[in-house]
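*Asks:* Below: one structure in structure tokens.
The values are calculated or read from the model by the stated rules, or taken from the named source; none is laboratory data. Small disclaimer: the values here were computed from a predicted structure and weren't measured. All Cβ positions, even for glycine, are placed from backbone atoms using ideal geometry, and neighbour counts span all protein chains on display.
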Amino acid sequence: LNSIGDAVLSTDMEGQITYLNQAAEKMTGWSCDDATGQALTKVFRIINATTRATAPNPARLAIKKNQCVGLAADSVLICRNNEEVAIEDSAAPIHNRDGKVTGAVIVFHDVSASRDLTLKMSNLAQHDFLTGLPNRLLLMERVSQAIGNARRHKNQVALLYIDLDFFKHVNDSLGHAIGDKLLLAVAKRLQAAVRATDTVCRQGGDEFVVLLAEIESPEAAAHVAETLRSSACKTVQIDNHQLHASLSIGISLFPDDGDNVDHLLQSADTAMYHAKGMGRNNYQFFRADMNVQAVKRLSIETGIRRALLKGEFLLCYQPQIDLLSKTTTGIEALVRWQDPEQGLISPAQFIPIAEASGLIVPLGQWVLREACRQLQAWHEAGLLTVPVSVNISALEFGQKDFISGLTEILQETGLSPNMLELELTESVLMKDAEAAIVVLESLKSMGVGLAIDDFGTGYSSLSYLQRFPIDTLKIDQSFVQDIATNTDDASIVSAIIGMGRNLRKRVIAEGVETQEQLDYLQSNQCVEGQGFFFSQPLPAKEFPQWLHKR
Ligand code: C2E
Ligand code: CA
Ligand code: CA
């Protein structure tokens, strides 16, 4: 008995200790000598772990029933020095030769390790590994509780669906370790910004959900959303990076926007999507018409997939013109969707959806390949010798393999890199200017031309503008449009022209439609222009004709 791992003790019929093995001595803190003759309840004090009530004496039970009994679940032994150990085991009656009961034996062992493990496992199952926040499972439970309470008390519940803007970009450019730290920092800020009764949960990836279990009014939910948004915005120092988290938040309310957990979550998710569409870094309440929009968005998304497979996209080309000599200095490729039923669809209708769904990546690849192929064909036919400009979206530019994909396309089509110019908007470049410079530098060293599109509408910092190795500034058409009528726009245009000249960049005025606009641009020494005044964007098969006519 002294060599086994289980603790064993025995009692006589009166419940007095008659024996303790070594393991029992160690666990109870009593030596066999001290314990012998003592009452079992003194040496083997057991209570229920949760209620802390004294547990029934197992030896007495075994004797009374004359059978083996298991110890009550969740038992804790209080040792001689008042330390507590979780235990598990059983008691059995002792019989003499005649079969008469003479006492009882209790066998027990320490289960604290496995009980801890069980607790930890159930905690793990309900919490997120990285942030320690409740996970989806626990959230669902809490939301349905909150809904139940709200029904009884006739109050409101709000769900805030939160998505980190551009998180993928952080992950891709700075690595997962930094991405994880950013998520942790955001989790902490969210948690700090809500009440103790509210639940912040990590839904997975870069998505969080906040449950406001009891709110007085929709305005209260809006207030929380704004607090969350602005607290996440503040700079966070991660390793040697200064990062800002920007949040898109969708809000749904019980009972108006859904009467069960799934429905409420769905509504909040839809509203969050809407917040993304509204330029990110903002919050939006769910509205019923968002569902209509969501359905439309989804059908366009499916349409884009199909169009990519069936080859329903085509490119139009719009010339860029030297304002003095009127010669063609370049052409811009602009994508169109030739839908068999709806006809020609303009990019304004599908590019934003392609961007949000990630489909812009395969679509952009197609555009690049097709533009390069077409240009090379025209070059070889001796039709023209100018470069082609291709629009590149943020998501494409952020792809790790953007440059290798581009190199492949150039090799495949045979187009010389200096016959290709990429158009990027200020916001794409300024989002992570340092990372952008690295990519731009390598594009530059390949010989590819670079342009800033829609210039003047974003927030370029002048110091960056100098560091970006770009060749061309394209003045946004909104300024050009109002040159003749709006003196502010006119001075912006002449300022950009002057700045471009000083920085030795090529300047192209976009959206030139009238002689008046052309006159103003010329009197301000703008060198190039693009717009309906010279030509609409033309399908590839009409473009050679246009060239001939000129
Ligand atoms: P953007 O890059 O600023 O392209 C110029 C837009 O202005 C084109 O619209 C063009 O048709 C239009 N435009 C040209 N001249 C005039 C004019 O004199 N007056 C007016 N009012 N408009 C003029 P489009 O083709 O509908 O394209 C809209 C936007 O869609 C583009 O703006 C660009 O941001 C995006 N886009 C077009 N093709 C692609 C593409 O292949 N990839 C990507 N990522 N975006 C594209
Ligand atoms: Ca453009
Ligand atoms: Ca533009």
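*Asks:* Can you confirm whether the range 493-503 contains a residue that is within 23 Å of GLY458 (Cα to Cα) and within 14 Å of ligand 1 (Cβ to nearest atom)? Walk me through it before giving the result.
*Replies:* Here is the first cut: in the range 493-503, the ones within 23 Å of GLY458 (Cα to Cα) are 493-503.
Then drop every residue that is not within 14 Å of ligand 1 (Cβ to nearest atom), which leaves none.
Scanning the range 493-503, I find no residue that is within 23 Å of GLY458 (Cα to Cα) and within 14 Å of ligand 1 (Cβ to nearest atom), so the answer is no.
*Asks:* In the range 87-108, what residues are crowded, with 16+ Cβ neighbours inside 10 Å and either in contact with a Leu (Cβ under 8 Å, 6 or more places away or on another chain) or within 16 Å of GLY5 (Cα to Cα) (or both)?
*Replies:* Matches in the range 87-108: ILE87, GLU88, ASP89, ALA91, VAL105, ILE106, VAL107, PHE108.
*Asks:* Which of the residues that make up the range 374-385 are touching a helix residue (DSSP H, G or I) at 6+ places or on another chain (Cβ under 8 Å) and surrounded by 17 or more Cβ atoms within 10 Å (Cβ to Cβ)?
*Replies:* Correct list: LEU375, GLN376, TRP378, HIS379, LEU384.
*Asks:* While we're here: Need at least 1 residues that are of a type in the set (S, T, N, Q) and within 16 Å of ligand 1 (Cβ to nearest atom) per element, so show me which strands (runs of 3 or more DSSP E) inside the range 385-490 make the cut, counting only ones lying wholly within it. It would help to see each step written out before you state the result.
*Replies:* Working: elements: 388-391, 420-425, 449-455, 472-475.
It comes to 388-391, 420-425, 472-475.
*Asks:* Oh, and also: Can you confirm whether the range 396-412 contains a residue that is buried (at least 19 other Cβ atoms within 10 Å of the Cβ), free of Cβ contacts under 8 Å to residues at least 40 places away in the same chain, of a type in the set (A, V, I, L, M, F, W, C) and closer than 22 Å to GLY358 by Cα?
*Replies:* yes
*Asks:* Taking the range 221-240 only, how many residues are of a type outside the set (D, E, K, R), closer than 17 Å to GLN191 by Cα and either in contact (Cβ under 8 Å) with a residue 60 or more places away in the chain or surrounded by 14 or more Cβ atoms within 10 Å (Cβ to Cβ) (or both)?
*Replies:* Result for the range 221-240: 10.
*Asks:* Working only within the range 529-543, note down all residues that are within 13 Å of ligand 1 (Cβ to nearest atom) and either in contact (Cβ under 8 Å) with a residue 24 or more places away in the chain or buried (at least 19 other Cβ atoms within 10 Å of the Cβ) (or both). Break it down into steps so the answer makes sense when it comes.
*Replies:* At the first step, the residues of the range 529-543 found to be within 13 Å of ligand 1 (Cβ to nearest atom) are 529-539.
Answer for the range 529-543, where residues must be within 13 Å of ligand 1 (Cβ to nearest atom) and either in contact (Cβ under 8 Å) with a residue 24 or more places away in the chain or buried (at least 19 other Cβ atoms within 10 Å of the Cβ) (or both): GLY529, GLN530, GLY531, PHE534, SER535, GLN536, PRO537, LEU538, PRO539.
*Asks:* Another question about this same structure. Looking at GLY511, GLY456, GLY449, GLY529, which one is within 16 Å of ligand 2 (Cβ to nearest atom), in contact with a helix residue (DSSP H, G or I) (Cβ under 9 Å, 6 or more places away or on another chain) and modelled with pLDDT under 95?
*Replies:* Working: GLY511 fails: modelled with pLDDT under 95; GLY449 fails: modelled with pLDDT under 95; GLY529 fails: modelled with pLDDT under 95.
Testing whether each residue is within 16 Å of ligand 2 (Cβ to nearest atom), in contact with a helix residue (DSSP H, G or I) (Cβ under 9 Å, 6 or more places away or on another chain) and modelled with pLDDT under 95 leaves just GLY456.
*Asks:* Would you check which residues across the range 198-244 are at positive phi and assigned to a loop (DSSP other than H, G, I, E, B) and list them?
*Replies:* Within the range 198-244, the subset at positive phi is 204-205, 239.
Correct list: GLY205, ASP239.
*Asks:* Oh, and also: Restricting to the range 324-380, and then to whatever is assigned to a helix (DSSP H, G or I), polar (S, T, N, Q) and under 37 Å from the mean Cα position of the chain (by Cα), can you tell me which residue is nearest to LEU538 (Cα to Cα)? Reasoning before the result, please.
*Replies:* Keep residues of the range 324-380 that are assigned to a helix (DSSP H, G or I), which gives 347-357, 360-380.
From what's left, polar (S, T, N, Q): 349, 357, 365, 374, 376.
Right, trim to under 37 Å from the mean Cα position of the chain (by Cα) and you get 349, 357, 365.
Working: GLN349: 19, SER357: 28, GLN365: 21 Å.
Here the residue is GLN349.
*Asks:* Then there's this: For ARG336, are the conditions met, namely being surrounded by 15 or more Cβ atoms within 10 Å (Cβ to Cβ), under 23 Å from THR302 (Cβ atoms) and among the basic types (Lys, Arg)? Give the steps one after another, and end with the answer.
*Replies:* On the way: surrounded by 15 or more Cβ atoms within 10 Å (Cβ to Cβ): yes; under 23 Å from THR302 (Cβ atoms): yes; among the basic types (Lys, Arg): yes.
So ARG336 fits the description; yes.
*Asks:* Please determine whether any residue of the range 30-37 is of a type in the set (A, V, I, L, M) and out of contact with any helix residue (DSSP H, G or I) (no Cβ under 7 Å at 6 or more places or on another chain).
*Replies:* Initial filter on the range 30-37 (of a type in the set (A, V, I, L, M)): 35.
Then drop every residue that is not out of contact with any helix residue (DSSP H, G or I) (no Cβ under 7 Å at 6 or more places or on another chain), which leaves none.
No: the range 30-37 contains no residue that is of a type in the set (A, V, I, L, M) and out of contact with any helix residue (DSSP H, G or I) (no Cβ under 7 Å at 6 or more places or on another chain).
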